[in-house]
Amino acid sequence: MIASVRGVVTVRRPDHVVVECAGVGYRLAVSGETLRAVPAAGSEAGLQAHLVMRDDGIQLYGFATEEERDLFQMLIGVQGVGPKVALAVLSGGSTRDLLGAIAAGDSARFQTVPGIGKRTAERIIVELRDKVAAAAVNGVGGAHEIVASRGDDVRAVARQGLLALGFSLAEVDSLLKDARGESPEDLIAEALRGR
């Protein structure tokens with residue numbers, strides 16, 4: 001599997017870029033968010049990648065960050081959401097904003113994406129809400145060690161999870177101030193719902 005591509009940007013279009021590596025040009029479909037991070041043609045760029053193989057062909061998708069790639073992989077795991085629709089979702093905002101919308105249960109945000117109706121938007125929320133909260137907790141290096149060393153201090157784990165999602169310390173303190181829950185995942189979901 002191709003995990004990343006680094007080289008010179010030779011083509012930069014609204015829906016894809018071509019990055020030449022060692023004489024081979026890789027065409028990567030990208031979201032609008034990733035496209036903003038890709039420099040002009042002739043400059044060097046590095047993208048995270050995900051390869052999708054189907055009966056009708058092979059497609060390579062590029063992402064500015066690992067977090068965006070992880071969200072893409074979660075989205076294509078939802079029934080009714082293919083790679084093109086997932087890229088359209090990713091074009092609708094930063095990874096942090098989209099994760100917040102999922103955790104907050106904001107299905108209306110996803111209904112604005114072409115190809116996503118009410119049912120698919122609700123399915124995204126239902127299937128990914130717990131994964132988003134768990135990923136925030138587990139994505140932090142040593143999160144399990146925090147749980148083991150601090151016992152019942154779920155707030156500390158939730159705090160680390162929100163920091164891993166990219167929130168500042170001040171934002172995390174504000175989000176967790178009134179949040180209630182018995183697990184770090186519950187606290188994170190509640191905190192993001194209150195945004």
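Toward the positive end of the charge dipole of the chain, with +1 on the Cβ of Lys and Arg and -1 on the Cβ of Asp and Glu, the farthest Cα among His50, Pro114, Leu165 is that of Pro114. Here's how it looks for His16: its modeled amide H is under 5 Å from those of Val30, which are all 5 or more places away or on a different chain.
Under the definition of Cα pairs under 8 Å and six or more residues apart, what whole-number percent is the relative contact order of the stretch 66-129?
The value is 34 percent.
Length gained on full extension, Thr112 to Asp55: 17.5 nm, using 0.36 nm per residue less the C-alpha separation. Counting only the backbone N, which residues of the stretch 89-119 are under 16 Å from the spot 7 Å out from the Cα of Gln79 toward its beta-carbon? Flagged as within label range: 117-119. In terms of its Cα atoms, the stretch 66-129 spans 28, 23, 18 Å along the principal axes, sorted from long to short.
Where the alpha-carbon atoms of the stretch 11-89 are placed on the principal axes, they occupy 39, 26, 20 Å, in descending order.
Each Cα pair under 8 Å and six or more residues apart adds its separation to the average, and for the chain the resulting relative contact order is 14 percent. Projected label points at Thr65 and Arg27, each 7 Å from Cα along the beta carbon direction, are separated by 2.9 nanometres. Scalar couplings 3J(HN,Hα) for the stretch 123-128, obtained by applying the Karplus form with A = 6.51, B = -1.76, C = 1.60 to θ = phi - 60°, are 5, 4, 4, 4, 6, 9 Hz; x denotes Gly and Pro.
With only the Cα atoms considered, the chain has a convex hull volume of 135 Å³ per residue. In this Cβ point-charge picture (+1 for Lys and Arg, -1 for Asp and Glu), the stretch 4-63 has a dipole of about 120 debye about its Cα centre.
Coordinate-derived values only; no laboratory data. Here the structure is a predicted model, which is why all the values come from computation and not from measurement. We place every Cβ from the backbone using ideal geometry, glycine too, and count neighbours over all the protein chains shown.
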